[in-house]
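Here the structure is laid out as structure tokens; the discussion comes afterwards.
Please treat every number below as a calculation from the coordinates, not as lab data. In this text, all values refer to a predicted model and were calculated from it rather than measured experimentally. FYI the Cβ positions are ideal-geometry reconstructions off the backbone, even for glycines, and counts take in every protein chain you see.
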Amino acid sequence: MSPSAPDRIEAYLDAVTRALPAGRRARAAIRAELADGLACAVDVRLARGAAPPDAVDGALAEFGPPAVVARAFARELLVESAHRTGLGLLCGGPLVGMLWVLAMSGAGLAWPDRIHSTLAAVPAYLVVLALVVPAAVLAAAAGGRFEYRLRLPGALAAQVAVAGCVAGDVLLLAAVLSVAAGGWAVWAAGAASGVRLIAAALAGRRVTRLRAAAR
């Protein structure tokens with residue numbers, strides 16, 4: 001192997017990982033996967049009698065330009081991110097909703113009456129639910145057979161779900177100012193919505209950046 005070969009491979013790996021808007025751990029895993037694949041491709045060519053520079057050239061050409069490889073990995077990360085975003089919203093939604101029902105409804109009421117009372121206090125939240133829940137379901141289905149068969153835009157669904165979730169939490173947090181009931185339930189509901197709002201915003205930013213990189 002010529003002295004410049006490792007540098008060329010490292011430069012190639014750097015170019016791919018720089019183009020990926022992902023976390024350090026994800027980039028490190030992708031870099032390791034690519035490095036292993038390139039090493040195998042070079043070894044195969046060396047075993048066939050190719051000169052070291054030619055073996056490196058052939059391996060890099062086989063893998064393709066860094067921008068193309070980065071887009072392929074970005075698509076994989078995008079599907080995973082959309083799935084996790086949708087699943088997170090679906091799993092966390094009932095808990096946050098229950099806290100808000102406890103915070104905004106009168107004590108002693110049956111649960112159906114409590115839910116009705118809460119939605120009556122924030123009627124616009126019904127519209128948010130009608131938007132977020134289906135979008136989160138579609139996002140959670142990203143990468144599975146459901147998305148493959150129906151060609152569902154999982155990334156777009158995740159962005160819609162995140163936008164609706166952020167809007168809904170803003171509505172709920174604003175409603176705290178007019179809540180007659182006090183105590184731990186109001187603080188717990190407000191804290192849960194605040195945490196979910198931040199997490200949703202970060203997830204939405206990640207999906208948006210990956211979607212741009214995957215184009």
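Some observations on this one:
- Compared with the dominant principal axis of the Cα atoms in the chain, helix 124-140 is inclined by about 30°.
- The phi torsions of region 62-79, fed into the Karplus equation with coefficients 6.51, -1.76 and 1.60 and a -60° offset, translate into couplings of 5, 6, x, x, x, 5, 5, 5, 4, 5, 5, 5, 4, 5, 5, 5, 5, 4 Hz, rounded to whole numbers, with Gly and Pro shown as x.
- Charge sum, other residues only, whose C-beta stays under 13 Å from VAL68's C-beta, Lys/Arg counted +1 and Asp/Glu -1: +2
- Peptides 165-172, 22-29 ordered by packing proxy, namely the average of other Cβ atoms within 10 Å per residue, highest first: 165-172, 22-29.
- Cα→Cβ-extended label distance, 7 Å offset, between ALA201 and ASP7, nm: 4.5
- Stokes-Einstein diffusion coefficient of region 1-59, Kirkwood radius over Cα pairs, 4 °C, 1.567 mPa s, in µm²/s: 108
- For ASP14, net neighbour charge (Lys/Arg +1, Asp/Glu -1) across residues whose Cβ lies under 12 Å away: +2
- Using the Cβ of ALA120 as centre and a radius below 13 Å, the other residues enclosed give a net charge of 0, where K and R count +1 and D and E count -1.
- On a per residue basis, the convex hull of the C-alpha atoms belonging to region 1-147 measures out at 142 Å³.
- Relative contact order computed over the chain (Cα-Cα under 8 Å; 6+ residues apart), in percent: 26
- Helix axis angle, 4-18 relative to the chain longest principal axis, alpha carbon, degrees: 20
- Taking the longest Cα principal axis of the chain as reference, the axis of helix 24-47 is set at about 20 degrees.
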